[in-house]
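Beneath this line is the structure, given in structure tokens, with notes to follow.
The values are calculated or read from the model by the stated rules, or taken from the named source; none is laboratory data. In this text the structure is predicted, and so the values were computed from the model without any measurement. Don't worry about glycine lacking a Cβ; one is built from the backbone with ideal geometry, like all the others, and counts go over all protein chains shown.
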Amino acid sequence: MIRKLLLLVGLIAVLGISAVAAQDSEPGYAGLDQRFDGVTIRMATIGGAPYEAIYDTISQWEEASGATVEIVFLGDGFEIDRYLKTNYAAGTVDFDVAWNHTSFMTQYVDFVEPLQTYFSEEDLAQFSDAIIASATIDGNLQLIPRHADISGMHYRTDLFGNADLQAAFEAEYGYPLAPPTTIDQMYDMAEFFVAQDAVQYGTQFAGKEEALSGRYYELLVANGGNYFDDAFEPTFNSEAGLATAQWMRDLYANSLIPADTPNLLWPEVAQNFCDGNVAFYLEWYGWYSYFQDPNSCPAVAGNFGILRGPVGASGDIHTGWAGAHAFSVTRASENKEAAASLIKFLTSEAVQYMEAQLGVLPVRDDVWARIISDASASGVALDAERLQVAQEQIGSDFFTPPLFADWISFTNLWTPILQGVILGDASVEDGVAQGVDDARSLLDDLGYYE
Amino acid sequence: MIADAATVIAPVKARRSAFERRKLVFPWILLAPTLFIIAAVVIYPMIYSVYVSFTPFNLLRPETFAFDASRMFRNYERLLEDDVFITAFFRTIIFMAVTVNLEYVIALGLSQLIARVTWGQGLIRTLLMIPMMFAPVLVGFQYAWFFNATVGLVNNALMSIGLMTTPKAWLVDIPTGIFSIGLASMWMNIPVTTIILLAGTLSLPSEVYEAAEVDGASAWQQFRKITMPLLQPFVLIALTVRSLDVGRAYDIVRIMTDGGPANRTEVVWTYVGEMAIQNSRFGLASAMSMVSVIVGILFTLYLFRQLMKSRVVQ
């Protein structure tokens, strides 16, 4: 018995030392073990300051592989989407590696190469299972993720830590004031903070374009509903769908969210929180360094915390609408092996670690371990805490929009109707019913029910 | 030997007819490059659009480009059932009528005032043209900021002088959303109308006014009975240009509200853009364009007929 115990302790010690050793070692590259002399890989990808840093590392891959990389297009998310759609539709694809995204990938299914033949299980072992599962359509891996984003509950610690507010809340609502963990609590607390005049708005959400229908979607899922069933029949006129729309409408009707909510997008809602006008809300992690900068956001810097998204009426599903930027190999590529090798390099531990150090959320477990370890040494507790929360969310709560090619068309159709419901132009029942009818009509036109 | 008259005339005729033919053909040769370019960039796209409007063409589904006679009117049927399109269509007309008429009234007043300025008129004309120098996109951004509910100039000004206690969502509410867009459009375009009317006013013959004064006509009578009738061609030109301009409103609306929220400020061309560019539904968007362009052409023809009539009357 003692020998077995000693053996177990020894085994744990060895594993621990290995883990520490792995942590201490330099992050590794991938895709540098094959030669593609004379090959030119053309790449159409996302541009902009946060995205372009890793493209500087491509010269390492060029040196090791003997190939040349030519970036033929760089544009923001919507520009690259337009560029890709136009080229795919016109049959003028002259690039090998293309940007992809879990929210957009269903549009590109016919034009990108299934990647499971180029990436072994070992190659994919370090990537988030939830993202790889989300990126697999009909058994075909559509993309290799690069970095992800998901929304955490951002809340003001000064408000939630205020003893007077805590006492007043508990007296009125019968449970303690703490950052909301359910959708119902979000409403109660928004109502309370506004009634107490503690803050201008209790909560908020971006109220236009896909930002609104996406936020509605994750609340809908957390409430136990969904937009469509497996046959693409719209199902959001369910109890969960109606309750979610009613929740949004009540927030607006009672001035618990900004009056111009339907005109707000991501930068505006982030600025509202930054200015100290909002008590709590769901926000992407990408704004973290901005909020923590006392020069940019003196009202919230060092004065907020982040939690996992709330649970809805389902009782066990957290909000978790998420997306991952990614790379794919085009079907038209004549050098698919080399294109896949370049993607292996760009999504390797070393390159991803470099990108994660710039603030984005990684999609590889080995990179998570490294950045959490780095953040622990920063002296700001939230630096590491938020990464642990984010890792848990990406590992457990991550879900993409419904996987069909016309997601964006659907959101363009549904968003104005939902805005009308929120603004009171239509009743919840009528608005949701119209959304369902129009969605069915759209998908019928596109041949989904044939 | 004297040649038969007929035998002489015949070759001359033939030569003449060859010359005539060349004379007829030569201009077409000169015009050919222009016609080719027009065909390539105007006629072909028009025919292409007409064809696409009868198909369910979706940019991401090349197979939908095929023509199906049994469903060729589907897009047009959809338009008749599409409340958003119908509302956007009539909103565009009302927006055009209100904006252009308000612009006209203000520009007419400004042009008459400026026409009477005897010193510094050149400077005033130059200052007046400043709004025209801005790109519509920039004007849209500027006015979107003015009317922003949280950080906007209008709310902050009204709240700081105590006229409002809570911020108003100008771009969200009805009818302030579309009014705000109209105001931005008018700010930018009143100078255009003013300059046209001012040019017209300054070109009117002074003898007519001198005769009217001799006859004892008041300033108002001169304005009503002389200025307004003689200005009609200029008024119609200004109205035609501005009506067509406002009728194809896109940029300012796109920037300020993007047709929203809840389609409250949707006009025809923002809706067409949304269908074509965001939703990739080129078939439906082309059908919308066809209807709008045909209505636009009929409206232009009507305005030009009115213009011709006013010139005949003069």
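For segment B:245-257, the criterion of a residue being crowded, with 23+ Cβ neighbours inside 10 Å, within 14 Å of chain A (Cβ to nearest Cβ) and of a type outside the set (A, V, I, L, M) is satisfied by at least one position.
Scan segment B:200-237 for residues that are within 17 Å of B:LEU128 (Cα to Cα) and either without any contact (Cβ under 8 Å) to a residue 24 or more places away in the chain or surrounded by 14 or more Cβ atoms within 10 Å (Cβ to Cβ) (or both) and report the count. The qualifying residues number 2. The listed residues are B:VAL137, B:VAL52, B:VAL84, B:VAL98, and the only one of them that is in contact (Cβ under 8 Å) with a residue 12 or more places away in the chain, away from chain A (no Cβ under 14 Å) and surrounded by 14 or more Cβ atoms within 10 Å (Cβ to Cβ) turns out to be B:VAL98.
Return a yes/no flag: does segment B:277-293 have any residue that is more than 20 Å from B:THR64 (Cβ to Cβ) and either free of Cβ contacts under 8 Å to residues at least 24 places away in the same chain or within 13 Å of chain A (Cβ to nearest Cβ) (or both). Within segment B:277-293, one or more residues are more than 20 Å from B:THR64 (Cβ to Cβ) and either free of Cβ contacts under 8 Å to residues at least 24 places away in the same chain or within 13 Å of chain A (Cβ to nearest Cβ) (or both).
Looking at segment A:252-263 only, could you name the residues that are facing chain B (nearest Cβ under 9 Å) and not in a helix (DSSP H, G or I)?
A:SER255, A:PRO258, A:ALA259, A:ASP260
Hey, could you check segment B:146-187 for residues that are out of contact with any helix residue (DSSP H, G or I) (no Cβ under 9 Å at 6 or more places or on another chain) and of a type in the set (Ser, Thr, Tyr) and say which is farthest from B:ALA97 (Cα to Cα)? Looking at the filtered set, the residue picked out is B:SER160. The residue that is modelled with the lowest pLDDT, counting only those in segment B:65-97 that are touching a Ser or Thr at 6+ places or on another chain (Cβ under 7 Å) and in a helix (DSSP H, G or I), is B:PHE65.
Here's the yes/no breakdown for (1) modelled with pLDDT under 90; (2) hydrophobic (A, V, I, L, M, F, W, C); (3) out of contact with any Cys (no Cβ under 6 Å at 6 or more places or on another chain):
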{"position": "A:GLY359", "(1), (2), (3)": "yes, no, yes"}
{"position": "A:ASP365", "(1), (2), (3)": "no, no, yes"}
{"position": "A:ARG370", "(1), (2), (3)": "no, no, yes"}
{"position": "A:SER373", "(1), (2), (3)": "no, no, yes"}
{"position": "A:SER378", "(1), (2), (3)": "yes, no, yes"}
{"position": "A:ALA381", "(1), (2), (3)": "no, yes, yes"}
{"position": "A:ALA384", "(1), (2), (3)": "no, yes, yes"}
{"position": "A:ASP397", "(1), (2), (3)": "no, no, yes"}
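Annotation: A:ASP149 fulfils all but one of (1) surrounded by 15 or more Cβ atoms within 10 Å (Cβ to Cβ); (2) without any contact (Cβ under 8 Å) to a residue 12 or more places away in the chain; (3) outside any helix (DSSP H, G or I); the unmet one is (2).
Taking the condition among the polar types (S, T, N, Q) and either at pLDDT 90 or above or not assigned by TED's automatic domain parsing to the domain that holds B:GLY200 (or both), does B:GLN121 pass? So that I can check it myself, show each step before the final result.
Details: among the polar types (S, T, N, Q): yes; either at pLDDT 90 or above or not assigned by TED's automatic domain parsing to the domain that holds B:GLY200 (or both): no.
Judged against the criteria, B:GLN121 is not a match.
Note on segment A:247-269: residues that are buried (at least 17 other Cβ atoms within 10 Å of the Cβ) and either within 16 Å of A:GLY424 (Cβ to Cβ) or not charged (D, E, K, R) (or both) amount to 15.
For segment A:311-329: of the residues being at pLDDT 95 or above and not hydrophobic (A, V, I, L, M, F, W, C), which is farthest from A:SER341 (Cα to Cα)?
So the first thing to find is which residues in segment A:311-329 are at pLDDT 95 or above, and the list is A:311-313, A:317-319, A:326-329.
Then drop every residue that is not not hydrophobic (A, V, I, L, M, F, W, C), which leaves A:312, A:318-319, A:328.
Numbers: A:GLY312: 42, A:HIS318: 36, A:THR319: 35, A:SER328: 11 Å.
That would be A:GLY312.
Screening segment A:311-430 for helices (runs of 4 or more DSSP H) wholly inside it with 1 or more residues that are within 14 Å of chain B (Cβ to nearest Cβ), within 19 Å of the chain's Cα centre (by Cα) and surrounded by 18 or more Cβ atoms within 10 Å (Cβ to Cβ) returns the ranges A:407-423.
Conditions (1) modelled with pLDDT under 95; (2) in contact with a Lys or Arg (Cβ under 7 Å, 6 or more places away or on another chain), marked per residue:
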{"residue": "A:PRO234", "(1), (2)": "no, yes"}
{"residue": "A:ASN237", "(1), (2)": "no, no"}
{"residue": "A:THR244", "(1), (2)": "no, no"}
{"residue": "A:VAL269", "(1), (2)": "yes, no"}
{"residue": "A:VAL278", "(1), (2)": "no, no"}
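Return yes or no: is A:GLU170 modelled with pLDDT of 95 or more, within 29 Å of A:ARG82 (Cα to Cα) and either among the charged types (D, E, K, R) or crowded, with 18+ Cβ neighbours inside 10 Å (or both)? Walk me through it before giving the result.
Details: modelled with pLDDT of 95 or more: yes; within 29 Å of A:ARG82 (Cα to Cα): no; either among the charged types (D, E, K, R) or crowded, with 18+ Cβ neighbours inside 10 Å (or both): yes.
In short, no.
So, in segment A:59-95, how many residues would count as being within 14 Å of chain B (Cβ to nearest Cβ), among the small types (Gly, Ala, Ser) and within 23 Å of A:GLU210 (Cα to Cα)?
Kept after step one, since they are within 14 Å of chain B (Cβ to nearest Cβ), are these residues of segment A:59-95: A:77-79, A:81-93.
If we keep only those that are among the small types (Gly, Ala, Ser) too, we end up with A:77, A:89-91.
Next, from what is left, pick out any that are within 23 Å of A:GLU210 (Cα to Cα): A:77, A:89.
Count: 2.
Remark: pairs (first residue in segment B:116-134, closer than 16 Å to B:SER185 by Cβ; second residue exposed (fewer than 10 other Cβ atoms within 10 Å of the Cβ); Cβ separation under 6 Å; 6+ apart in sequence or on different chains) are absent.
Picking from B:ARG91, B:ARG71, B:ARG78, which residue would you name as being closer than 30 Å to B:THR193 by Cβ and among the charged types (D, E, K, R)?
On the way: B:ARG71 fails: closer than 30 Å to B:THR193 by Cβ; B:ARG78 fails: closer than 30 Å to B:THR193 by Cβ.
Only one candidate qualifies: B:ARG91.
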